[in-house]
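Visitor: The structure follows.
The values are calculated or read from the model by the stated rules, or taken from the named source; none is laboratory data. Predicted model only: the values in this text are computed from it and were never measured. Reconstructed Cβ throughout: ideal geometry from the backbone, glycine too, with neighbour counts over all protein chains shown. When the accessible area is computed, the model is the full protein with side chains, heavy atoms only, and any ligands, DNA or RNA have been set aside. Shrake-Rupley method; radii C 1.70, N 1.55, O 1.52, S 1.80 Å.
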Amino acid sequence: PTDPLGELRERPSPVGMIAIEPATRRRMRINGRAVPTGEGLRVDLDQVFANCPKYLQKRRHRFLDPGAGGTAAGPGPVTDGTTLTPAQRETIRRADTFFVATASDRGDADASHRGGAPGFVRVLSPTVLRWPDYTGNAMFLTLGNLELNPAAGLLFPGWDTGTALHLTGTARTVWSPAPGEEPFPPGARRLVEFTVAAVREVARATPLRWSEPAFSRFNPSVA
């Protein structure tokens, strides 16, 4: 019930998913329509396609020992807000990975991965983020959706704590620097600017914990 997608259990809904295996740098996008079954969800698939391993940090997982008071306790406190706290802003500044959800103007949903060196996501204010759009698979599903529908959601996973930081808001593509602005950072073809409307942080959202990352050799430097 604390998950922003908890309502999927109540009615059929379009969903965008990404199956990701950081230990092998594999990822696959899986989009379709989720139908509640009473015991979970059945997803009728419309799109299934793999993406390249660029910008994926290698990590290995483990399950938190139930005896340590983690898994058995389940999800922890939920914090809601409309702006990012100082601690949340610092979490984002240190992030090397996040996930972005978008949808077309018809509501067809998609989820995608974004990765880079720590610091690649810039926190411009408690309500505005920017990140570089690096060369990828040239499918432009995320940017194409944003041209039609600016609504977006972000997930920043807490690899060492199991915390999930969910942001919802709107996003737009910045195609070139404005007069007087700094040049785009190394490797960026354009930027995406995200404006926060709501924040939900769920402590211990998952029993998984992850190793320190082996950074992708494709990550551009952060100027």
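Visitor: Look through region 51-84, keep the residues that are modelled with pLDDT of 85 or more, in contact with a Pro (Cβ under 7 Å, 6 or more places away or on another chain) and of a type outside the set (Val, Ile, Thr), and return whichever of them is nearest to Pro118 (Cα to Cα).
Guide: Gln57
Visitor: Taking region 15-50 on its own, how many of its residues are assigned to a strand (DSSP E or B), within 16 Å of the chain's Cα centre (by Cα) and within 28 Å of Ala198 (Cβ to Cβ)?
Guide: Summing the residues that are assigned to a strand (DSSP E or B), within 16 Å of the chain's Cα centre (by Cα) and within 28 Å of Ala198 (Cβ to Cβ) in region 15-50 gives 10.
Visitor: Just the residues that are without any contact (Cβ under 8 Å) to a residue 60 or more places away in the chain, under 22 Å from His61 (Cβ atoms) and either open to solvent by 60 Å² or more (accessible area, probe 1.4 Å) or not hydroxyl-bearing (Ser, Thr, Tyr) (or both), please, taken from region 200-223.
Guide: Result: Arg217, single match.
Visitor: Ok, one more. Need pairs with beta-carbon distance below 6 Å; first residue closer than 18 Å to Gly136 by Cα and within region 17-31, second open to solvent by less than 20 Å² (accessible area, probe 1.4 Å) and not in a strand (DSSP E or B); sequence gap 6+ or separate chains.
Guide: Listed by first residue and then by second, the contacts come to Pro22/Arg59; Arg25/Leu56.
Visitor: Okay, next question. Taking region 1-51, which residues are basic (Lys, Arg) and within 20 Å of Gly107 (Cα to Cα)? Give the derivation first.
Guide: The first filter runs over region 1-51 and keeps only residues basic (Lys, Arg), leaving 9, 11, 25-27, 29, 33, 42.
Those that are basic (Lys, Arg) and within 20 Å of Gly107 (Cα to Cα): Arg9, Arg11, Arg29, Arg33, Arg42.
Visitor: Is it true that Leu155 is hydrophobic (A, V, I, L, M, F, W, C), out of contact with any helix residue (DSSP H, G or I) (no Cβ under 9 Å at 6 or more places or on another chain) and surrounded by 20 or more Cβ atoms within 10 Å (Cβ to Cβ)?
Guide: no
Visitor: Tally the residues that are open to solvent by 30 Å² or more (accessible area, probe 1.4 Å) and either touching a strand residue (DSSP E or B) at 6+ places or on another chain (Cβ under 8 Å) or among the hydrophobic types (A, V, I, L, M, F, W, C) (or both), restricting the search to region 177-192.
Guide: 6
Visitor: Further, regarding this structure: Six or more apart or on different chains, Cβ atoms under 6 Å: show the pairs whose first residue is in region 1-14 and part of a strand (DSSP E or B) and whose second is of a type outside the set (S, T, N, Q) and modelled with pLDDT of 85 or more.
Guide: Ser13/Ala34; Pro14/Arg33; Pro14/Gly107; Pro14/Asp108; Pro14/Ala109
Here is a yes/no grid of residues against (1) among the β-branched types (Val, Ile, Thr); (2) within 25 Å of Glu212 (Cα to Cα):
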| residue | (1), (2) |
| --- | --- |
| Gly119 | no, yes |
| Met139 | no, no |
| Gly144 | no, no |
| Val174 | yes, no |
| Pro177 | no, no |
| Arg190 | no, no |
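Visitor: Could you check Pro150 against (1) open to solvent by less than 40 Å² (accessible area, probe 1.4 Å); (2) in contact with a Ser or Thr (Cβ under 9 Å, 6 or more places away or on another chain) and say which number it fails?
Guide: Against the list (1) open to solvent by less than 40 Å² (accessible area, probe 1.4 Å); (2) in contact with a Ser or Thr (Cβ under 9 Å, 6 or more places away or on another chain), Pro150 comes up short only on (1).
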